[in-house]
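Chemist: Structure provided below as structure tokens; questions to follow.
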Amino acid sequence: MKINKVVIPVAGWGTRSLPATKNLPKEILPVFKKPAIQYIVEEAKAAGLDNVIFITNKNKNILEDHFDYNLSLEWVLERTGKMELLQEVRKVSELANIISIRQKRQLGLGHAVLCAKEVVRDDPFAVILGDDLLFSSVPGIKQLIEVAETENMAVVGVMPVEKSQVSRYGIINAEEIGPHIYRVRELQEKPKVEEAASNLAIIGRYVLTPEIFYHLEKIFDPNQMGELELTEGLRRLAKDNKLLAVRLHGMRFDVGHWVDYLIANIYFALQDEELRDDIINRLRELIPC
Ligand code: UTP
């Protein structure tokens, strides 16, 4: 199994982030100096995934534009001698080949993935959610690809969460078969705390086989009003004994969660030598002891 395509769903409404996302995609919200989506595409690139498939909607062209050249801006930067900025701006345009597919109705993550079927075709592929940031010495998605390629199987990324948080996630019921590797027996979508089989939550990283399309198509009803959950398709892979999970290491921030989003900004700002002391002092002013 060789993986070189990544599907990045970015078509959601981002209702948790309103009113910021009334006219602005959640995935373009800046996390310190870069839009969230840039970290995601950089992670894909670092894992050798050069072909990026955005599942997008008609209000989200700004996301594709971010990865295209902005020749007028480049001209201004060149003319004013701001060569470092020029290089940085150009580098983003050269990061990846972007293919965009419209999800015309936001019918959930399962449906968003299904939209990629005609482009992905018969190849296994990676999925990274456009609002789920993960920072680690080995890129999050690469941690999954390594296992998927050796085991020849679909793999989901999981991380332990506080027991009280399980109802926000898809939770796995699984047996550990190697260090940080699990065979998934069953999945629960947003279970109640007392019913959760574990505290291992599926976070926004997957390596999937084209079989997932078969399952999603089988469940999908074009007249449905509710969401087509990806978990439903994964559950069927698990039932056929064809799904593994890898416990990811790294620091994770959900851009759609305000506390995570703000902490992500502070985390990056604190790594900037020039700003660090100033930020710490300003934070101290905000929280007088
Ligand atoms: P989320 O559930 O976090 O995003 O989906 P959302 O639906 O935009 O946000 P809320 O819950 O209303 O605040 C995770 C990722 O999947 C994409 C989103 O854009 C996000 O990056 N997504 C979600 C789609 O592409 N299509 C969908 O139908 C749903």
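Derivation of every value follows stated rules applied to the coordinates shown; laboratory data play no part. Small disclaimer: the values here were computed from a predicted structure and weren't measured. Cβ atoms come from the backbone with ideal geometry, glycine included; neighbour counts cover every protein chain shown.
Chemist: Where both partners of a DSSP beta bridge lie in the chain, what percent of those bridges are antiparallel, to the nearest 5? Don't skip to the end; give the middle numbers.
Modeler: Details: 28 of 46 bridges.
The answer is about 60 percent antiparallel.
Chemist: Please identify, among GLU273, GLU232, GLU64, the residue showing maximal mean-square fluctuation in a Gaussian network model of the chain using a 10 angstrom Cα cutoff.
Modeler: GLU273
Chemist: Do you know the relative contact order of the chain, to the nearest whole percent, from alpha carbon pairs under 8 angstrom that are 6+ apart?
Modeler: Values: 530 pairs, mean separation 65.9, N = 289.
Averaging sequence separation for qualifying contacts and normalising by length gives 23 percent for the chain.
Chemist: Give me the one-decimal nm value for the distance between modelled label points at THR80 and LEU275, 7 Å along each residue's Cα-to-Cβ direction.
Modeler: Result: 1.9 nm between the two label points.
Chemist: Related question: Can you tell me the relative contact order of segment 57-189? Whole percent, Cα pairs under 8 Å, sequence separation 6 or more.
Modeler: So the answer I get is 13 percent.
Chemist: Could you work out the relative contact order of segment 21-108? I mean the mean sequence separation of Cα pairs under 8 Å and 6+ apart, divided by the number of residues, in percent.
Modeler: Relative contact order of segment 21-108: 38 percent.
Chemist: Please provide three numbers in whole Å: the alpha-carbon extents of segment 1-105 along the principal axes, with the largest listed first.
Modeler: The Cα atoms of segment 1-105 stretch 44, 43, 23 Å along their principal axes.
Chemist: Can you tell me the length gained on complete extension of the stretch GLN224 to ARG168, counting 0.36 nm per residue apart and subtracting the Cα distance?
Modeler: Residue separation times 0.36 nm, minus the Cα-Cα distance, leaves 17.9 nm.
Chemist: Go ahead and set up a Gaussian network model of the chain, Cα springs under 10 Å, then flag whichever of ASP272, ASP131, ASP122 fluctuates most.
Modeler: It is ASP272.
Chemist: If you build the convex hull over the alpha carbons only and average its shadow over all orientations, what do you get for segment 215-277? Give it in nm² to one decimal.
Modeler: Across all orientations, segment 215-277 yields a mean hull projection of 7.4 nm².
Chemist: Sticking with this structure for a sec: At a Cα cut-off below 18 Å, give the lysines reachable from LYS91, other chains included and same-chain residues fewer than 8 away excluded.
Modeler: LYS33, LYS34, LYS45, LYS82
Chemist: Find the lysine pairs in segment 95-224 meeting two conditions, Cα atoms under 28 Å apart and a separation of 8 or more places or different chains, and report how many there are.
Modeler: Taking segment 95-224 as the scope, the lysine pair count is 12.
Chemist: Could you check how many percent of all C-alpha pairs in the chain are farther apart than 32 Å? Don't skip to the answer; put the middle values down first.
Modeler: Working: 11038 of 41616 pairs.
So the pairs more than 32 Å apart make up 27 percent of the total in the chain.
Chemist: Per DSSP helix of 4 or more residues, -39500 (n - 2.57); summed, then divided by the residues of the chain. What does that give at 222 nm, rounded to the nearest 500?
Modeler: Per the formula, -10500 deg cm²/dmol.
Chemist: Further question: Please check: in the Gaussian network model of the chain (C-alpha springs, under 10 Å), which one of ARG102, ARG276, ARG185 has the largest mean-square fluctuation.
Modeler: Greatest mean-square fluctuation among the candidates belongs to ARG276.
Chemist: At what distance in nm do the modelled label points of GLU195 and GLU146 sit from each other, each positioned 7 Å from its Cα along Cα→Cβ?
Modeler: 3.7
Chemist: To the nearest 0.05, how large is the calculated FRET efficiency for TYR214 and TYR267 if R₀ is 30 Å and r is the Cβ-Cβ distance?
Modeler: Calculated transfer efficiency: 0.15.
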